[in-house]
Amino acid sequence: MNRRDLQQRTKRFNIDIITFCGSLPRTAAGFEIAKQLIRSAGSVGANYRATTRSKSEADFAHKLKIVLEEIDESHYWLEIIKESHLSSDKNMDRLLQEADELTAIFTAANKTMDQKIRQHKK
């Protein structure tokens with residue numbers, strides 16, 4: 001998967017999350033969790049996009065770590081929604097799967113970048 005494809009994929013994840021959050025109950029918990037989830041899912045795509053403007057390998061690695069933290073947070077909120085039965089939206093499992101796949105992609109990218117930086121320091 002190339003950079004552009006991954007940018008589109010993270011953007012699609014954010015849009016899907018925004019749509020999904022419309023199915024959450026209009027309660028204090030529903031509003032708060034939706035706000036947190038939309039914020040973290042949006043940060044995934046925005047911060048990945050920001051990696052294209054990195055000033056150095058270290059800056060790129062830092063931004064990539066933020067992306068990983070944000071996709072992990074998005075996954076957390078999806079788990080909370082599922083385990084607390086806040087939504088019966090049929091897209092829940094697909095969104096959890098996408099969060100898992102994005103986590104795997106960014107974990108691998110972080111690992112590769114960390115190795116590259118360590119090699120340059122030798």
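Quick notes
- Environment charge of Ala58, counting only residues whose C-beta is closer than 12 Å and scoring Lys/Arg +1, Asp/Glu -1: +3
- Mean Cβ count within 10 Å, highest first, over the residues of peptides 90-100, 41-51: 41-51, 90-100
- Between the beta carbons of Ala108 and Ile80, assuming R0 = 35 Å, the FRET efficiency works out to 0.85 to the nearest 0.05.
- Shape call, region 10-52: gyration tensor on alpha carbons, a/c limit 1.5: oblate
- Distance violations [Cα-Cα > 30 Å] among Lys90/Lys111; Lys11/Lys82; Lys11/Lys55; Lys11/Lys90; Lys90/Lys116; Lys35/Lys63: Lys90/Lys111; Lys90/Lys116
- Structure-derived Cα Rg over 2.2 N^0.38 Å: which label, when the choices are [x] 1.14; [y] 1.02; [z] 0.94: [x]
Where a number appears in this text, it was derived from the coordinates with a stated rule and is not lab data. These numbers come from a predicted model, not from an experiment. With ideal geometry, Cβ positions are generated from the backbone for all residues, glycine too; neighbour counts draw on all protein chains shown.
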